[in-house]
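Engineer: Have a look at the structure that comes next, please.
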Amino acid sequence: MIPVVPVESCTHVLAEFDCLDPLLSALRLDSGRIKCTCLSVSRKWLALGTSAGGLHLIQRDGWKQKLILTHKEGSVTQVSCCPHDEDFIAVATSQGMVVVWELHLERRGRPERVSVSWEHRGQTVTSLCWDTVAHRVFAGDVGGKVSCVRAGSSKLGKGSAFVIFPVQTITTVDSRVVQLGYTDGHLVVSSLSRCYLCDTEREKFWRVGSKERDGEFGACFLQQGPAGQRGQTGGPPPLLYCARPGSRIWEASFSGDVLSTHQFKQPLACPPLPLVSYKNEPHFNPSQTNPQSLAFPRLLQFGDQNLLTWTDSAIYIFTPHSGQVLLWTEVKDVVEISVFRNELFCLHGDGRLSHLLLVSPERCVERLMKRENWTLAATVCCMFQHTIITSRARKSLPIDRLEQLKSQLNSASQQQLIGQLEEVISKLEPLDSACSSRRSSISSHESFNVLDCGIYRVISRRGSQSDDDTSSLTNQSMLEEERLKEFSFTEEEQVDNDSQSVRGEGDRSDLGLQFLPLSFRSKPPRVALQAVRDSVSSFVKKTTEKINTLQMNADLWPRPDLREGVQGEVTATASPLPEEGEHEMTAEQSSSESELQELRAATKKAISQIQDPMVLLDPVCLSDVLQDWAPVLERVLGPEDLAVPQDITNLEEKTLEEEELVSSMSCCVMVQPEILTAPPTNLDESATLTEEEDLGESIPCSTAPVRAPFPPLANHVELIQLFSPKPLPPDLQADLSQLACLYLEMGCPGRGGVESVCVFLRRYFFLLDQERVRKMCMLRYREHREVLKAYIAGMLEFTQASKVVEVIQKGDLLKSLRSLRELQPWNAPLLLSHLYRLYEKHGEVAVRAYPQFYPTILPSDIMAMALPSHFLPYLDNLVQSRAEQQRLSFLGSLLQPEALRQDWLELALSHDAPQRDDTLTPDGQPRWHSHFFSWGYGRLLSLLIRLPADLTSKQKMLEMCRTHGYWMGYLYLCRELQRRAEAFSAICRLDDMTLLEEDDGIVPQSLDEWVLLFQLAQQISSVDEATPTSTLPSSTNGSCSDDTNSNGTSDGSSDLSNSSNDWSIRVSPENIILRLMRVFGPDQALTALQEHGIQVDLSSRSTLVCDLLRMAEKRQRALIQTMLERCDRFLWSQHA
């Protein structure tokens, strides 16, 4: 049972209709590396600041990214759009710089920095605020300094920025600036202790009130009077509102005098209103009625007369003129909010964005119904029924719309919700008395008749009314007609040709004709409600009958036009059968019934045989049973063939007859063999095909039908059977579906080749379980992409009538994704077909947003759909969407089957990677410092390599990493496989001592390994000295600035003159000896080297280091000895 919101709380609700997650994904702001840090919204822009110093300007019309402004001075901490000139935007960075940008969009120029201020250098800017008239912005920081930055603009002429002082310090308050506000020449500064009011023109300051506070409390101005009277001379001045502890807000004048104190602690002792969101079902708890003592960190003007504030767990909206709480709603982890009119954009702590709207409940239900979110709309109707039943709500929600809403609910699983909605409908109030008087005047001056769908058609009598009444009636009628167009059924437009023709004649005969809904009848509300129910039921019944007639009549079934962008027309006029054909009709019906009986018997026999365990567990016997059943299915439900008359001898006529044969097949859809990869380009051929279809429909069927054999038809035509050619009982269709799916799973059609499998799938698509076939394509027929193409072609045709397809074809990616999310719970095959359409329309950008559909759509589906270069961003986004500690196990769960690991690793190593010439020498050895190159999918590579695997898989991955030059993965796998000698050789060639440390490298574990490492370094150094020097090849993904020779190692003869800062990380024999001395001590290290016959010739620097190590070791031993002696004396003293 859905709880009902009380009457006093029913006026408004916060609703979330749009999801901005795809926008963040397209901007790559959904990863853990770069996050959104601040936001600002205006009429045209949504500005998003990032932790990487970027500012994304999103055009709100269509949510399209327009500009990216970059800042090298740190991350963006504050952003503010100019309210009176959207060509200006102010930005503050983490280093304390304030920048004013002029976008130059009107002249299509490049954005430029028109003002830069370092007045807050080293301080964090906490608030930005624009002047409401001039191009200047105020900034406040954590130190309490408030400054003003004037924007020099090209609109003001050259040199405008030099006439005045561009940067000016206004004041410095006692503590950190919490919030700034400006209006009519007055600036309010809210600090941690109090509020200050500044007259910027006369340079005077006032303290607001006399009592201090301690903490973050916001302040803002609120205009008085209607929006149209603001700013007029002599109008009431704005009021200042300052937050106080204990859920209080001061109301002050322009002179800083406190006029009153608004106490919201007790008014907030009411339950929170639910957030209406597509993400989850709203919940209302009427028992939550505790008073709230809160501190409001920010105050914003919201709408005309409201104040908005928030905490980290809720959003609050007050009406201070009446001292009432408009609403408060629990919203988790809110960091910052920006408002425009009745819209809120919320930034959450994890970087997510929410787009909320403040609307009335009836408007909320209306928008949910437009988005076809029926369940949520019905829930809001029941929860806010005190508002829905009022008469003023009938303007947005007439009775017929609520009846339509009830008809869209599932009568099996939502019976309780339907019952509660019916109770609400029974309480609906009629329109007010003004409407009743208008209805009486209409009925006295107009004549009307009633259409089948329950709509009154009113015919105006000219001259019977005044011009004013006529114009008002016309305007009202046009509004009602537009409303009817928004919620009219598609079936009514396609099927009800009679009513359309009547309307067309009436329009031509009388231009004053208008439509009025049934609710304008001058009857009591109960009678009017019953009339609406009857009319709607009658309309639905007639529409359903006509749709069923269209589906069952093969001659009326629409065939798609292959010409691109042209819709095929459906002729709904059936030719009457001649009287002498009735006997043939009866014979055909009796023949069809006998064939169905034969098919039923064969199906029953096959099922009984399969139930035998000896047959079911033996693939050969099971295939034989299905092979015996398949010919019967082919004879009864296979495509029909028409015998060619004997007198036809012309080749062109025979060709026409063959095309006629194809077009005469019922409930089939023609597609080109390459419909998934390329659209038809030859319009002449498609036009000819359409003409031949029309000819085929007009020729009567006079010859006896003959069943076509199972082998495929001509290669240029493929058939997809979406509906059964004969009506099948439900029980028989269920049995046939099971056998057909099993027939396909066993690969029985594959005995004739893959083309036979595709033909079987197309011909009996109406029998197959779509989800089972999808899994077959991914598992059994994984190597045969033709089967997947045939399946997807069938699904695309099957979902062609969906309303989501219309949204996708409009080309708006965000609206398309939102429509798909509203289809929850998802059906995997249907969703997959829509995702194919989106990918075909938008490419890689669409694929990046597909992780939100996991686990309904698996990576194997996307891999079969998208190009490899497009699949990798999807996989990377999917893995990065999990918490860091869960990514490794999550990636392992996706590797089904295990062979995918090698495929994905090969893809990640081949795309967005350094060139092989930059990482490998001609003889396949590592190039010097080539492990410093960046890999586009390095995080994914690291996870793939670190996943548990068997010995063979690790060896294959090791070879792949070596071949592509991914040396960090190569070293990790060498360590896992205990191939340490190869790892030491690679480290010597990479010439980086940090790879011998514990984090990502390999640490020698014994003296023998140190000696081996020393010998390898000597060998490589000797080769380098004998090789002429050259430079490292340039790379598109990175560069190395040091001089290198042909083997990729640094030239020793240069004596490190060009890289004196990096001498300590080179893998040279001298550095290895020094590292060995640090680990084992100088004496032991030199002795071990001499035992292995290695002559050590230390330089002066190494000798000095060796002496220092001996001295440090000696002092360390002495210190240890002293400490032990002291401990010994202390213990003996305690013992005594």
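Engineer: With a 1.4 Å probe and all protein chains kept in place, how do Ser407, Ser260 rank by accessible area, largest first?
Structural biologist: Ser407, Ser260
Engineer: Could you tell me what percent of the accessible area of the range 950-999 is made up of carbon and sulfur, with a 1.4 Å probe and every protein chain present?
Structural biologist: Carbon and sulfur together cover 43 percent of it.
Engineer: Same structure, new question: Listed here are the pairs Lys789/Lys956; Lys395/Lys427; Lys64/Lys370; Lys44/Lys803; which of them are more than 20 Å apart at the Cα?
Structural biologist: Lys789/Lys956; Lys64/Lys370; Lys44/Lys803, as the Cα separations exceed 20 Å there.
Engineer: Here's another thing I want to ask about it. At 1.4 Å probe radius, can you tell me the per residue accessible area of the range 31-123 in Å²?
Structural biologist: So the range 31-123 comes to 44 Å² accessible per residue, rounded to a whole number.
Engineer: If r is the Cβ-Cβ distance from Gln1116 to Glu997 and R0 is 22 Å, what FRET efficiency results, to the nearest 0.05?
Structural biologist: Approximately 0.45, to the nearest 0.05.
Engineer: Calculate, in nm to one decimal, what Leu1108 and Ser889 gain on full extension: separation in residues at 0.36 nm each, minus their alpha carbon distance.
Structural biologist: Taking Leu1108 through Ser889 to full extension adds about 74.0 nm, to one decimal.
Engineer: Rounded to the nearest 0.05, what FRET efficiency do Arg202 and Asp312 give with R0 = 41 Å and r taken as the Cβ-Cβ distance? Could you check?
Structural biologist: 0.55
Engineer: Do you know the relative contact order of the range 826-931, to the nearest whole percent, from alpha carbon pairs under 8 angstrom that are 6+ apart?
Structural biologist: 19 percent
Engineer: Something else: At a probe size of 1.4 Å, how large is the accessible area of His1092, to the nearest 10 Å²?
Structural biologist: 90 Å²
Engineer: I would also like to ask the following. Mind listing the phi-derived Karplus ³J(HN,Hα) values for the range 9-26, rounded to whole Hz, using 6.51, -1.76 and 1.60 with θ = phi - 60°, and x for any glycine or proline?
Structural biologist: Computed from phi, the couplings for the range 9-26 are 9, 9, 6, 9, 8, 8, 10, 10, 9, 10, 10, 9, 4, x, 5, 5, 5, 5 Hz.
Engineer: Okay, next question. Sorted by average packing, counted as other Cβ atoms within 10 angstrom per residue and highest first, what order do 896-902, 934-940 take?
Structural biologist: Listed from highest to lowest mean packing, they are 934-940, 896-902.
Engineer: Turning to a different aspect of this structure: Once amide H atoms are built 1.01 Å from N in the peptide plane, which residues 5 or more positions from Arg298, or in another chain, come under 5 Å H to H?
Structural biologist: Sorted by chain and number, the residues that satisfy this are Gly218, Trp310.
Engineer: Additional query: Just read off the accessible area of Glu119 with the full protein assembly in place, 1.4 Å probe, to the nearest 10 Å².
Structural biologist: 70 Å²
Engineer: Per residue and in Å³, how big is the convex hull formed by the alpha-carbon atoms of the range 921-1011?
Structural biologist: Per residue, the Cα convex hull of the range 921-1011 comes to 106 Å³.
Engineer: Run the dipole for the range 1-137 about the Cα centre, Lys and Arg Cβ at +1, Asp and Glu Cβ at -1, nothing else charged, and hand back the magnitude in debye, nearest 20.
Structural biologist: 560 debye
Engineer: Just name one of Met97, Gly144, Ser75: the one whose Cα is farthest towards the positive end of the charge dipole of the range 65-144 (beta-carbon charges, Lys/Arg +1, Asp/Glu -1).
Structural biologist: Ser75
Engineer: Projecting each Cα onto the charge dipole of the range 862-949 (Lys/Arg +1, Asp/Glu -1 at the beta carbon, about the Cα centre), which of Val879, Gly924, His911 comes out farthest on the positive side?
Structural biologist: Value: Val879.
Engineer: P(r) of the range 1070-1136 in 5 Å steps, Cα pairs, percent per bin?
Structural biologist: Reading upward from the zero bin: 3, 15, 20, 17, 10, 8, 8, 6, 5, 4, 2, 0.
Engineer: Given +1 on the Cβ of Lys and Arg, -1 on the Cβ of Asp and Glu, and no further charges, what dipole in debye does the range 281-360 carry about its Cα centre, rounded to the nearest 20?
Structural biologist: I would put it at about 140 debye.
Engineer: Multiply the residue separation of Ser210 and Arg28 by 0.36 nm, subtract the distance between their alpha-carbon atoms, and state the gained length in nm to one decimal.
Structural biologist: 60.7 nm
Engineer: May I ask you to rank Asp731, Asp400 by accessible area, largest first, using a 1.4 Å probe over the protein chains only?
Structural biologist: Most to least solvent-accessible, the answer reads Asp731, Asp400.
Engineer: Still on this model: What does the highest-first list of 279-291, 41-53 look like by mean Cβ count within 10 Å?
Structural biologist: Top to bottom by mean Cβ count within 10 Å: 41-53, 279-291.
Engineer: Here is a further query. Can you list residues from other chains, or at least 5 along the same chain, whose modelled amide H is less than 5 Å from the amide H of Leu67?
Structural biologist: Those lying under 5 Å, H to H, from Leu67 are Leu57.
Engineer: For the range 798-861, what does the accessible surface come to per residue with a 1.4 Å probe? Please give it in Å².
Structural biologist: 42 Å²
Engineer: Still on this structure: What distance in nm separates the two pseudo spin-label positions at Thr132 and Arg780, each 7 Å out from Cα along the beta-carbon direction?
Structural biologist: 7.3 nm
Engineer: Out of the total accessible area of the range 784-942 (probe 1.4 Å, heavy atoms of protein only), what percent is carbon and sulfur?
Structural biologist: Using a 1.4 Å probe with all protein chains present, the range 784-942 comes out at 51 percent carbon and sulfur.
Engineer: Quick one: 3J(HN,Hα) in Hz for the range 799-805, Karplus 6.51/-1.76/1.60 with θ = phi - 60°, rounded, Gly and Pro as x.
Structural biologist: 9, 5, 7, 5, 5, 5, 4
The values are calculated or read from the model by the stated rules, or taken from the named source; none is laboratory data. Model, not experiment: these values are computed from the prediction. Cβ atoms come from the backbone with ideal geometry, glycine included; neighbour counts cover every protein chain shown. Each accessible area value is taken on the protein alone, full model and side chains, heavy atoms only, with ligands, DNA and RNA left out. Shrake-Rupley method; radii C 1.70, N 1.55, O 1.52, S 1.80 Å.
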